[in-house]
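The values are calculated or read from the model by the stated rules, or taken from the named source; none is laboratory data. If you're wondering where the values come from, they're calculated on a predicted model, not measured in any experiment. In this analysis, Cβ positions are derived from the backbone assuming ideal geometry, glycine residues included, and neighbour counts consider all displayed protein chains. Surface accessibility is based on the protein's heavy atoms, side chains included, excluding ligands, DNA and RNA. Shrake-Rupley method; radii C 1.70, N 1.55, O 1.52, S 1.80 Å.
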Amino acid sequence: MTGWTQAAAAVGTIGAALGIGIWATAALEEALGGIVSGAGPRPGRAVAAPLHRAAFLWCQRRSRTERPDAELWASAPALLGGLAAVALAAVPLAPTVDVADVPDGIVLFGAAMALVMVAVFLHGWSANSTFPLVGGYRFIAVALSYEMPLALVLIAAALPAESLSVGEIVTSQSSLWNVLRQPLGLPLFLVAGLGLAFWGPLALPDAADLAGGTASEVSGPQRLAWGLARRAVLVAVAAMAAAAFLGGWLGPDLPGPDWVGGLVWMPLKTLAVLVVLVGLGHLVPRVRIESFVVVAWAVLIPLALVDVFVSGAIALMAK
Amino acid sequence: MSGLRDLLSGWAARAPARVFPVVGSGARRAVQDLRLRPGIELVDSPRHADVLLVAGRLPPAWLKPTARVHDQMPGPRAVLCWGADAERELFPMAEALSPEDDAAPAIARVHRALMTGDRESGPPVQPDHPPAPWRGVGPHGQGGRGMTGGRPYGRPMAMREEGRDGLALDRIRVPVGPFFGCFPPGLSLYVGLAGDVIQRVEVDPNPFHAIAESMPAPEWALAATIGEIERARARHHLRWLADALRVAGLVALGSRVLRMAVAEEPPVPEAVRRFGRRLDRFHALGLFGRGAGRIEGRRAETFGGPVARAAGLERDARLDDPAYRALDFAPAIRSDADVRARWRVRLEEAAASLELARRGADREPEGPIEPFTPAWAPDTLSDVLAGLEWGDAVSTIVSLDLDLEADARPVVAEGVA
């Protein structure tokens, strides 16, 4: 393929993957919310409701505040969505189907996720209003507390593969999935993922006690863009969890070329992780910032370090 | 192109109506019940809403804030006045409903009409220019002279002040309320925030005093059985829990609890106990309410009721009543005095009330029945909130279960049998 066709195919793949993933996340929110509230899953409604909500936001007008930083305010959702796309690009779908399975895919993912801090803070600061600003500052206060465990458990997952490439990490799980040989990895990664997408218990910048936080002054298509970007980050996190801990495209053999396996198992595993993440969002209350930071630095980071040391020791002994 | 627009507006009409509630006197329960109706979503920010629901009688001090909230709503927008008469002058295009009407179908209808274009978006009710011109000179409106110093021209400005840890941080004084979604209706604060830590709080006086004469008498029966009293108490605590769960980010779980609270058949006590234990397991992790918002000693006594019982004070009017003592009534007491303790006390009381209602359904208490409302103590509230981080402050206020309307209501005659 020529360079331009390749680029177009890459953008198309990421766009399609994010689009389907965002829709699935929104449908899961409705369905799991219905189960938890006692109204039942109502699958037909759950699948159609995201379209209706998106259409409502599209038809609503944009809000204006006094003297916002208009350029940054408009570009914050685009930045967040772009970072989610970059992070998803590092995750390969199948042995021969990947967008950016670079030799240091873990680093690419971590770098994209670290810049989420910038996008969320800009979204809060640009509105020139109190609650969004407090929301933005809250995110900065806690972001490092979950980016550290994220980096550490991904390094631990990379040790058996002796490579930072996500594709190699998947192939290194052909004997045993990382969720079984590194039991601390997936839970810590999910906590970090909830934090990066500021979802559920870690939904601090857009919290209900700030009347919507960074999103409280936003309406219409801009709010739609922010909601899409947030869910895109969640999808990217779920895809990386599926690849690094649940064996990616590995699974029982399917007839046909090897990329069929990727098209079936990767989405299924990503969907399973999304079910867990969205379910946690409906069942676990929002944390207190102070307590969470203490727990993150006193418990989660030491556990992540233990994870790295133990996996390193096991990898050395296996040699 | 117009086909696509029709498709989008058709879909938008099928989305739930986003309603921002302005809750006046007598409307709190009815508005809370709307959360259970499909096709309606109550939102916390006027920017997210397309329908403004003005419910109940509003104090005169709220007319300007209501107008401001209306103008903050992006189009398309509409107003529904539910039992609120004076406000119709403010919103000439509003739909009017009487208090007995069911608001949900009207809200859904208005929302559909707005989305399909059958109804015009409401025009702004306030003039769209700032009371004082902005004097900035730079390309982003920065710089210039004459705009700094305290609170110029109605725009709050952060000023450098000695803050926590001896750092000179910016402190900004902002008003919160009276329609803040996490606060009880009527609560309005001026908060001096340094970052997200509250340095000082000034609590505005109870606005419902201005309309106290027109408020209906409380619904308390002068003679009621223990069964009726305890079931009402349990329902009240469950309604409080539904709201508290929503503020904690668990909207779906809050709906479930609200459904339990309004159901014809009250829930089984064991179900409530199990629910309480599950919630407390989260609190026990220390990430949620444990250690937050301590209210002890004299302050807990001022608030009274479950707040006092969560601080270890054994105060319960039912202890003095022989009929309750015959049913082996024991109050729920905790000593931690934090948000977690107040949650536990209320949930245990709800479960215990349901058990008492079963056992003593037809007995009547022998002492006088007085309605209890947590005391409205603005000075104590300011003391309690000072120094708290914003999230803790909100969860503390929610855990107090304040009711400003009940505080303003005229007192029932003493000495009822």
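Given the condition among the hydrophobic types (A, V, I, L, M, F, W, C) and under 25 Å from A:Phe292 (Cα atoms), answer yes or no: does some residue in the range B:294-309 qualify? If you could, list the steps in order and put the result at the bottom.
Residues of the range B:294-309 that are among the hydrophobic types (A, V, I, L, M, F, W, C), as a first pass: B:295, B:300, B:303, B:307-308.
The next check asks that each one be under 25 Å from A:Phe292 (Cα atoms); those that pass are B:295.
Yes, the range B:294-309 contains a residue that is among the hydrophobic types (A, V, I, L, M, F, W, C) and under 25 Å from A:Phe292 (Cα atoms).
May I ask you to say which residue of B:Leu42, B:Leu58 is more than 14 Å from chain A (Cβ to nearest Cβ) and either closer than 24 Å to B:Leu187 by Cα or of a type in the set (Asp, Glu) (or both)? Please lay out each step first, then the result.
Values: B:Leu42 fails: more than 14 Å from chain A (Cβ to nearest Cβ).
Exactly one of B:Leu42, B:Leu58 is more than 14 Å from chain A (Cβ to nearest Cβ) and either closer than 24 Å to B:Leu187 by Cα or of a type in the set (Asp, Glu) (or both), namely B:Leu58.
Scoring B:Ala261 on the criteria (1) small (Gly, Ala, Ser); (2) within 14 Å of chain A (Cβ to nearest Cβ); (3) in contact (Cβ under 8 Å) with a residue 60 or more places away in the chain leaves a single failure, condition (3).
Listed here are the residues, each with its yes/no results for (1) open to solvent by less than 20 Å² (accessible area, probe 1.4 Å); (2) in a loop (DSSP other than H, G, I, E, B); (3) in contact with a Lys or Arg (Cβ under 9 Å, 6 or more places away or on another chain); (4) at positive phi.
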| position | (1), (2), (3), (4) |
| --- | --- |
| A:Ala76 | yes, no, no, no |
| A:Leu79 | no, no, no, no |
| A:Val91 | yes, yes, no, no |
| A:Ala100 | no, yes, no, no |
| A:Met113 | yes, no, no, no |
| A:Met117 | no, no, no, no |
| A:Gly124 | yes, no, yes, no |
| A:Gly135 | yes, no, no, no |
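In the range A:1-17, the condition of being open to solvent by 40 Å² or more (accessible area, probe 1.4 Å), of a type in the set (S, T, N, Q) and outside any helix (DSSP H, G or I) is met by at least one residue. Here is the figure for the range B:279-303: residues that are crowded, with 21+ Cβ neighbours inside 10 Å and away from chain A (no Cβ under 14 Å) total 3.
Scanning the range A:118-136 for residues that are at pLDDT 95 or above and among the aliphatic types (A, V, I, L, M) yields A:Val118, A:Ala119, A:Val120, A:Leu122.
Pick from B:Pro331, B:Pro266, B:Pro322, B:Pro306: which is open to solvent by less than 20 Å² (accessible area, probe 1.4 Å) and not small (Gly, Ala, Ser)? Walk me through it before giving the result.
Details: B:Pro331 fails: open to solvent by less than 20 Å² (accessible area, probe 1.4 Å); B:Pro266 fails: open to solvent by less than 20 Å² (accessible area, probe 1.4 Å); B:Pro322 fails: open to solvent by less than 20 Å² (accessible area, probe 1.4 Å).
Residue meeting the stated conditions: B:Pro306.
Taken as a whole, the condition of being among the acidic types (Asp, Glu), under 26 Å from B:Leu42 (Cβ atoms), open to solvent by 20 Å² or more (accessible area, probe 1.4 Å) and away from chain A (no Cβ under 14 Å) applies to B:Asp204.
Inside the range B:8-17, can you point out the residues that are in contact with a helix residue (DSSP H, G or I) (Cβ under 6 Å, 6 or more places away or on another chain), open to solvent by 10 Å² or more (accessible area, probe 1.4 Å) and within 12 Å of B:Leu114 (Cα to Cα)? Steps first, please.
Our first condition is that a residue be in contact with a helix residue (DSSP H, G or I) (Cβ under 6 Å, 6 or more places away or on another chain); within the range B:8-17, this holds for B:8-9, B:11-15, B:17.
From what is left, the residues that are open to solvent by 10 Å² or more (accessible area, probe 1.4 Å) are B:8-9, B:11, B:13-14.
B:Ser9, B:Ala13, B:Arg14, listed by residue number.
Cβ-Cβ contacts under 7 Å between residues 6 or more apart (or on different chains), taken from a first residue in the range B:334-361 that is within 21 Å of A:Pro285 (Cα to Cα) to a second residue that is open to solvent by 10 Å² or more (accessible area, probe 1.4 Å) and hydroxyl-bearing (Ser, Thr, Tyr), are listed as B:Val339/B:Ser395. Before we move on, is B:Ala413 away from chain A (no Cβ under 14 Å), touching a Ser or Thr at 6+ places or on another chain (Cβ under 9 Å) and either modelled with pLDDT under 90 or not in a helix (DSSP H, G or I) (or both)? Taking the combined requirement at face value, the residue does not satisfy it. Against the criterion of being of a type in the set (Val, Ile, Thr), within 14 Å of chain B (Cβ to nearest Cβ) and either surrounded by fewer than 20 Cβ atoms within 10 Å (Cβ to Cβ) or more than 23 Å from A:Phe109 (Cβ to Cβ) (or both), A:Val275 does not qualify.
Among the residues of the range A:164-205, which ones are open to solvent by 30 Å² or more (accessible area, probe 1.4 Å) and closer than 24 Å to A:Trp226 by Cβ?
Initial filter on the range A:164-205 (open to solvent by 30 Å² or more (accessible area, probe 1.4 Å)): A:164, A:168, A:171, A:174-177, A:179-181, A:183-184, A:187, A:191.
Of everything in the range A:164-205, just one residue is open to solvent by 30 Å² or more (accessible area, probe 1.4 Å) and closer than 24 Å to A:Trp226 by Cβ, namely A:Val191.
The residues of the range A:48-64 that are more than 7 Å from chain B (Cβ to nearest Cβ) and free of Cβ contacts under 8 Å to residues at least 24 places away in the same chain, listed by number, are A:Ala48, A:Ala49, A:Arg64. Inspect all residues belonging to the range A:148-156 and state whether any of them is in a helix (DSSP H, G or I), of a type outside the set (D, E, K, R) and open to solvent by 60 Å² or more (accessible area, probe 1.4 Å). Checking the range A:148-156: at least one residue is in a helix (DSSP H, G or I), of a type outside the set (D, E, K, R) and open to solvent by 60 Å² or more (accessible area, probe 1.4 Å). Within the range A:67-78, which residues are facing chain B (nearest Cβ under 7 Å) and farther than 14 Å from A:Gly136 by Cβ? A:Arg67 - this is the single residue of the range A:67-78 that is facing chain B (nearest Cβ under 7 Å) and farther than 14 Å from A:Gly136 by Cβ.
Considering the range A:36-47, and only residues there that are surrounded by fewer than 16 Cβ atoms within 10 Å (Cβ to Cβ) and part of a helix (DSSP H, G or I), the residue that is farthest from the other protein chains (Cβ to nearest Cβ) turns out to be A:Pro43. In the set (1) at pLDDT below 85; (2) part of a loop (DSSP other than H, G, I, E, B), B:Gly387 fails one condition alone, (1).
B:Arg340 is checked against (1) open to solvent by 20 Å² or more (accessible area, probe 1.4 Å); (2) over 25 Å from the mean Cα position of the chain (by Cα) and fails just one. What number does that condition carry? For B:Arg340, the exception is condition (2). Condition (residue is β-branched (Val, Ile, Thr) and within 14 Å of another protein chain (Cβ to nearest Cβ)) applied to the range A:95-105: is it met by at least one residue? Within the range A:95-105 (the criterion being β-branched (Val, Ile, Thr) and within 14 Å of another protein chain (Cβ to nearest Cβ)), the answer is no, since none of the residues qualifies. Residues that are of a type outside the set (Phe, Trp, Tyr) and open to solvent by 20 Å² or more (accessible area, probe 1.4 Å) do not occur anywhere in the range A:233-243. Residue-level analysis places B:Arg151 outside the set of residues that are open to solvent by 40 Å² or more (accessible area, probe 1.4 Å), out of contact with any strand residue (DSSP E or B) (no Cβ under 9 Å at 6 or more places or on another chain) and modelled with pLDDT under 85. Screening B:Ala341, B:Ala337 for residues that are outside any loop (DSSP other than H, G, I, E, B) and small (Gly, Ala, Ser) leaves exactly one candidate, B:Ala341. One residue stands out in the range A:202-261 among those that are touching a Cys at 6+ places or on another chain (Cβ under 9 Å) and on the phi > 0 side of the Ramachandran plot: the one that is nearest to the other protein chains (Cβ to nearest Cβ), namely A:Ala211.
Summed over the range B:345-380, the residues that are under 28 Å from A:Arg138 (Cβ atoms) and surrounded by fewer than 23 Cβ atoms within 10 Å (Cβ to Cβ) give a count of 2. Put simply, of A:Ala298, A:Ala304 the only residue that is surrounded by fewer than 18 Cβ atoms within 10 Å (Cβ to Cβ), of a type outside the set (D, E, K, R) and farther than 30 Å from B:Ser255 by Cα is A:Ala298. Looking only at residues in the range A:284-295 that are within 7 Å of another protein chain (Cβ to nearest Cβ) and part of a helix (DSSP H, G or I), the one that is most open to solvent (accessible area, probe 1.4 Å) is A:Glu290. All told, A:Ser145 falls short of being under 23 Å from A:Phe109 (Cβ atoms) and either more than 17 Å from the chain's Cα centre (by Cα) or not in a helix (DSSP H, G or I) (or both).
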